[in-house]
Amino acid sequence: MPAYHSSLMIPETRLVGNMALLPLKTQFKGPARGDGIESDIIDEAIYYFKANVFFKNYEIKNEADRTLIYVTLYISECLKRLQKCSSRSQGEKEMYTLGITNFPIPGEPGFPLNAMYVKPANKQEEETMRAYLQQIRQETGLRLCERVFDPQTDKPSKWWVCFVKKQFMNKSLSAPGQ
């Protein structure tokens with residue numbers, strides 16, 4: 001069975017490095033505005049996460065797949081943090097903190113997927129990529145809390161937390177041991 005790929009790539013999609021800058025349904029400021037769109041890359045990543053996380057190899061078919069890979073890896077990082085949270089409000093605080101902490105982007109030491117991603121061409125592109133990834137991180141954390149926490153018990157769902165130990169493509173966005 002093949003892995004799921006992004007269906008959101010259209011010819012006029014803007015690129016940053018070799019990663020697609022796709023529109024987002026978000027309340028956070030950043031370079032991606034998706035006013036009036038029904039589904040975005042975060043919805044797609046969350047929807048396909050449980051299936052894609054089992055794949056050790058992933059064939060990149062377009063630039064939107066690189067964005068999907070990043071969001072999928074970030075969801076794994078979020079789940080590691082959310083499993084330790086005792087309530088949704090604590091989870092949302094943890095996701096906010098994780099979303100705004102300093103993180104490496106393609107081309108920087110510490111970014112785990114430098115072999116698949118192209119370094120931004122100039123300073124402006126680097127700033128755009130960092131802002132876009134931060135926007136993705138903040139919105140993904142918020143949406144994941146809606147899905148992961150059970151409304152009746154206010155605890156993380158075991159059907160999401162069970163994926164904490166799985167590593168998509170044997171990669172992790174965090175350093176070993178974290």
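The values are calculated or read from the model by the stated rules, or taken from the named source; none is laboratory data. Not measured: the values here are computed from a predicted model. Note that each Cβ is placed from the backbone with ideal geometry, even for glycine, and that neighbours are counted across all protein chains shown. We work out accessible area using only protein heavy atoms, side chains counted, and drop any ligands, DNA or RNA first. Shrake-Rupley method; radii C 1.70, N 1.55, O 1.52, S 1.80 Å.
Here is the list for segment 1-75: chymotrypsin sites (Phe, Trp or Tyr not before Pro) lying in DSSP coil, each with at most 12 other C-beta atoms within 10 angstrom of its C-beta, are Phe54. The residues of segment 1-138 expose, per residue, 50 Å² of accessible area to a 1.4 Å probe.
Helix 63-82: angle to the longest alpha-carbon principal axis of the chain, degrees 0 to 90, nearest 10? So the inclination is approximately 30 degrees.
Between beta-carbons, use under 15 Å as the cut-off and find the net charge around Lys155, counting Lys and Arg +1, Asp and Glu -1. Result for the neighbourhood of Lys155: 0. Taking the longest Cα principal axis of the chain as reference, the axis of helix 88-100 is set at about 20 degrees. Normalised by the number of residues in the chain, the average gap of Cα pairs under 8 Å and 6 or more apart makes the relative contact order 30 percent.
Note on semi-axes √(5λ) of the Cα gyration tensor in Å: of the candidates (i) 25, 18, 17; (ii) 47, 22, 13; (iii) 29, 18, 17, the value calculated from this structure sits at (i). Cross-link reach is defined here as a Cα-Cα straight distance under 28 Å, omitting same-chain residues fewer than 8 places apart; for Lys25 the lysines meeting it are Lys50, Lys61, Lys80, Lys84, Lys93, Lys119, Lys123, Lys155, Lys158, Lys166, Lys171. Put the Cα centre of segment 82-124 next to the Cα centre of segment 18-67 and the gap is 15 Å. Each of Phe28, Ile10, Ala64 was placed along the dipole of segment 6-96 (beta-carbon charges, centred on the mean Cα), and the one lying farthest toward the positive end is Phe28.
Per the 1.4 Å probe, what fraction of the accessible area of segment 1-123, in percent, lies on carbon and sulfur atoms?
Result for segment 1-123: 51 percent of the exposed heavy-atom area is carbon or sulfur.
Calculated mean residue ellipticity at 222 nm for the chain: -14000 deg cm²/dmol, from DSSP H runs with n ≥ 4 weighted as -39500 (n - 2.57), summed, divided by the residue count and rounded to 500.
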